[in-house]
1. So which residues in the stretch 116-149 are free of Cβ contacts under 8 Å to residues at least 40 places away in the same chain and closer than 16 Å to MET90 by Cβ?
2. Looking at the stretch 204-230, which of its residues are over 14 Å from GLU276 (Cβ atoms) and among the small types (Gly, Ala, Ser)?
3. Return the pair list, or none, for Cβ contacts closer than 7 Å from residues in the stretch 156-169 that are among the small types (Gly, Ala, Ser) to residues that are surrounded by 15 or more Cβ atoms within 10 Å (Cβ to Cβ), at least 6 apart or on different chains.
4. Please find, among ALA201, ALA226, ALA205, ALA197, the residue that is farther than 30 Å from GLN138 by Cβ, at pLDDT 95 or above and under 13 Å from the mean Cα position of the chain (by Cα).
5. Conditions: (1) crowded, with 17+ Cβ neighbours inside 10 Å; (2) more than 16 Å from ligand 1 (Cβ to nearest atom). ALA250 meets all but one. Number of the miss?
6. Considering only residues that are in a strand (DSSP E or B) and surrounded by fewer than 22 Cβ atoms within 10 Å (Cβ to Cβ), look in the stretch 33-59 and name the one that is farthest from ligand 1 (Cβ to nearest atom).
7. Applying the selection to the stretch 31-58, what residues are within 16 Å of ARG12 (Cβ to Cβ) and more than 16 Å from ligand 2 (Cβ to nearest atom)?
8. Looking at the stretch 58-73, is at least one residue more than 30 Å from ILE211 (Cβ to Cβ) and not acidic (Asp, Glu)?
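The values are calculated or read from the model by the stated rules, or taken from the named source; none is laboratory data. From a predicted model like this one, the values you see are computed outputs, not experimental measurements. No Cβ is skipped: glycine too gets one built from the backbone with ideal geometry, and neighbour counts run over all protein chains shown.
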Amino acid sequence: MTVIDLQHLDKRFGNTPVVRDLNLHIADREFLVLLGPSGCGKTTTMRMIAGLEEPSGGDILFDKQRVNDLPTRGRDVAMVFQNYGLYPHMSVFDNIGYPLKLRGIPREERRVLVERAADRVHLKPFLHRMPRELSGGQRQRVALARAVVRNPRVFLMDEPLSNLDAKLRVTARAEIKHLSEELGVTTVYVTHDQVEAMTLAHRVAVMHDGIIQQLGRPEDIYSDPANAFVAGFIGSPAMNLLPVTAQGGAIRWAGGPAIELQAPGEGAWTLGVRAEDMQLGDGGPGSFSAEVFTFELLGDCTMINLKLDEQVVSVKAPKDLRLGRGARVALRLPLDRLYWFNALTGHRVRS
Ligand SMILES: Nc1ncnc2c1ncn2[C@@H]1O[C@H](COP(=O)(O)OP(=O)(O)O)[C@@H](O)[C@H]1O
Ligand SMILES: [Mg+2]
């Protein structure tokens, strides 16, 4: 079992802060996803947990023991990277068995463990191939097998699926989820892909500019975002975020009509609404009409995109609806599913 604590973790490169006062408690057997856009400090955080990068401040604890001064070898973590990091001159068998060899495990025992790990990820027929003779998906599974071949305290995975094509990514994602549930090892998984985060995580830490914006279960991050950044990052499409001005029981966006709607206060707001919560039809508070900017057939649903001011707003609609570009459509904002954010800070204001 391994509990990880990150306490007031800081990392600067020169004068540039990259991770800032990061605090995180990761439970034993938890699957924790660090999610955020490129450059927000995810890999740096993971490398500090691995002992590949030295913190500028703060502590890293494994089971309450400070490991800051423990080298990577002593931390007993297994890593999977985006580029897999396979040894090109070694067979699949030797690649998977390498961590065991490093630890001086005898050859026969090694063979049993390598075959078991290869079996877990359906690689047994490929043990004698070289990495160059494998597809991307197979290479990714070699990297996974090498991580699971011994029982590490912690799995660290950095964008392990991003080199795979979209279809393979879905399969590989399912494999990782299955494997991690089976093995029950504490896992920190880094990705910029919110679908991966939503589908894999027990909890997601959403990062931006080296700071955790929100930590929570996927459903909380989705339905109860702490700020406009999280709201605009999660979901496909992401939440619509409209700059509006509220006055006297109505709101309007630049160049738009006044819409009867009670905001939490007068003045500027960012109004958030998810595409699937928008309602078709008119009448009552929150009603407005708009011109169709583009209309997309997605198979299981359709997407109406409106252009309000400079912004494209998405409305998820039934799959059999057909609308032409330029058509006028009557819509209603869902009064019980609106999110209000401070226009300046982005902080959520609960009405
Ligand atoms: N060794 C380094 N020296 C200087 N800057 C670095 C180094 N490693 C990362 N950075 C910078 O730190 C920031 C965070 O990087 P990283 O943790 O790799 O982000 P992410 O994994 O979220 O994309 C980026 O701006 C990156 O350019
Ligand atoms: Mg990275």
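1. Initial filter on the stretch 116-149 (free of Cβ contacts under 8 Å to residues at least 40 places away in the same chain): 116-119, 122-129, 133, 135-138, 141.
Listed by number, the residues that qualify are ALA117, ALA118, LEU123, PHE126, LEU127, HIS128, ARG129, GLU133, GLN138, ARG141.
2. Within the stretch 204-230, the first condition is being over 14 Å from GLU276 (Cβ atoms), and the residues that meet it are 204-221, 224-230.
The answer is ALA205, GLY210, GLY216, ALA226, ALA228.
3. SER162/GLN82
4. Working: ALA201 fails: farther than 30 Å from GLN138 by Cβ; ALA226 fails: under 13 Å from the mean Cα position of the chain (by Cα); ALA197 fails: farther than 30 Å from GLN138 by Cβ.
Step by step, each of ALA201, ALA226, ALA205, ALA197 is checked, and only ALA205 is farther than 30 Å from GLN138 by Cβ, at pLDDT 95 or above and under 13 Å from the mean Cα position of the chain (by Cα).
5. Here ALA250 meets the rest and fails (1).
6. Taking the stretch 33-59 as the starting set, the residues that turn out to be in a strand (DSSP E or B) are 33-35, 57-59.
Those still in the list that are surrounded by fewer than 22 Cβ atoms within 10 Å (Cβ to Cβ) too: 57-59.
Values: GLY57: 16, GLY58: 15, ASP59: 19 Å.
So the residue we want is ASP59.
7. Hits for the stretch 31-58 are GLU54, PRO55, SER56, GLY57, GLY58.
8. Step one: of the stretch 58-73, the residues more than 30 Å from ILE211 (Cβ to Cβ) are 73.
When the remaining residues are screened for being not acidic (Asp, Glu), the result is 73.
Yes, because at least one residue in the stretch 58-73 is more than 30 Å from ILE211 (Cβ to Cβ) and not acidic (Asp, Glu).
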